[in-house]
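Just so you know, all these numbers are worked out from the coordinates, no wet-lab data involved. Bear in mind the structure is a predicted one, so any value in this text is a computation, not a measurement. Every residue, glycine among them, receives a Cβ derived from its backbone with ideal geometry; neighbour counts consider all protein chains shown.
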């Protein structure tokens with residue numbers, strides 16, 4: 001478990017960015033780069049520790065509930081250390097009382113835009129759902145199948161989650177408060193939609209895959225260049241077509257990574273500066289190459305690319321060669337509808 005973005009927003013917003021310890025009210029910041037004074041860094045303290053051997057950790061509260069809003073209190077570093085060093089003095093009941101009284105004080109004494117706070121909490125809940133459905137914490141792992149062995153593949157579960165994520169983004173109620181953030185969500189949706197469409201054009205399930213869990217079954221790119229006749233010219237033509245397709249699938253997976261990294265930039269800009277600072281940007285692992293090596297690659301939109309982001313499949317085919325990293329190039333009309 002980890003603290004969700006929505007929980008971060010609720011805790012900081014409802015605490016007024018202040019230490020909740022009685023008579024402290026010290027204004028806090030989220031990131032140590034914002035100050036040279038360690039005592040003003042806000043710390044999201046657990047009332048009941050994450051683990052049983054931590055402060056006040058012996059409790060009936062389930063471990064999966066310990067990173068939730070109701071079990072957290074915002075403190076400065078000094079008072080965080082104090083309550084954990086003196087856990088018999090600062091009991092669970094006393095800390096809940098401190099939190100409740102502080103948040104009531106904030107509500108009654110500070111001028112806050114509660115509509116803005118509520119809208120930001122809703123945005124944060126959308127980000128949390130994105131992290132879940134895109135399997136962000138295992139991004140490098142599940143996408144590695146797309147880039148492995150010259151035959152892009154993906155687990156059925158990941159494909160299903162991408163579809164669910166696309167529908168989730170389309171169906172959200174957007175407040176319009178942060179257009180750039182909303183645009184970033186939709187940009188990912190456009191890329192993911194084209195990724196699925198292109199991948200499934202030549203996808204096939206392994207008939208020998210007897211995995212009982214449907215989500216764990218692997219969907220492969222069909223090796224359609226394999227033919228039952230001696231025809232070197234056709235074999236070469238189909239081989240080139242297969243390579244083009246595989247590289248296009250990989251390039252769209254790279255673009256999904258750029259889109260996700262851009263979305264997270266917007267989250268840091270508008271919602272929470274410390275969002276995924278410890279984890280860093282999403283990376284891609286590609287290989288093995290001819291020398292059996294693997295490459296870990298960082299990919300993001302350049303400054304000029306952030307003006308237009310993803311402009312659709314045709315333009316992406318034309319311009320992917322200019323991205324920071326690409327696998328293929330050129331346009332193939334087979335991927336577009338034909339009207340007669």
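Assorted remarks:
- Gaussian network model of the chain, springs between alpha carbon atoms under 10 Å - residue of 135, 164, 214 with greatest fluctuation: 214
- Among beta bridges that DSSP assigns inside the chain, antiparallel share in %, nearest 5: 90
- Between residue 117 and residue 218, the contour length at 0.36 nm per residue exceeds the Cα-Cα span by 32.1 nm.
- The chain: angle of helix 114-133 to the longest principal axis, Cα-based, in degrees nearest 10: 40
- Zone residues, region 303-320, relative to residue 297, backbone N less than 18 Å from point 7 Å out along Cα-to-Cβ: 303, 305, 310, 316-320
- Value of [θ]222 nm, deg cm²/dmol, for the chain, DSSP H segments ≥ 4, -39500 (n - 2.57) each, nearest 500: -14500 deg cm²/dmol
- Kirkwood Rh in Å, taken over the chain so that all alpha-carbon pairs contribute: 23.0
- Alpha-carbon centroid distance for the pair region 65-79 / region 154-191, whole angstrom: 31
- Angle between the chain longest axis and helix 232-270 axis [Cα atoms, degrees, rounded to 10]: 20
- Subtracting the Cα-Cα distance of residue 171 and residue 204 from their residue separation scaled by 0.36 nm leaves 8.9 nm.
- Each 5 Å bin from 0 upward holds the following percent of the Cα-Cα pairs of region 58-200: 2, 7, 12, 14, 12, 11, 12, 10, 9, 6, 3, 1, 0.
- Each Cα pair under 8 Å and six or more residues apart adds its sequence gap; the mean of these over the residue count of the chain is a relative contact order of 15 percent.
- Pair residue 50, residue 149: separation of 7 Å Cα→Cβ label points (nm): 3.6
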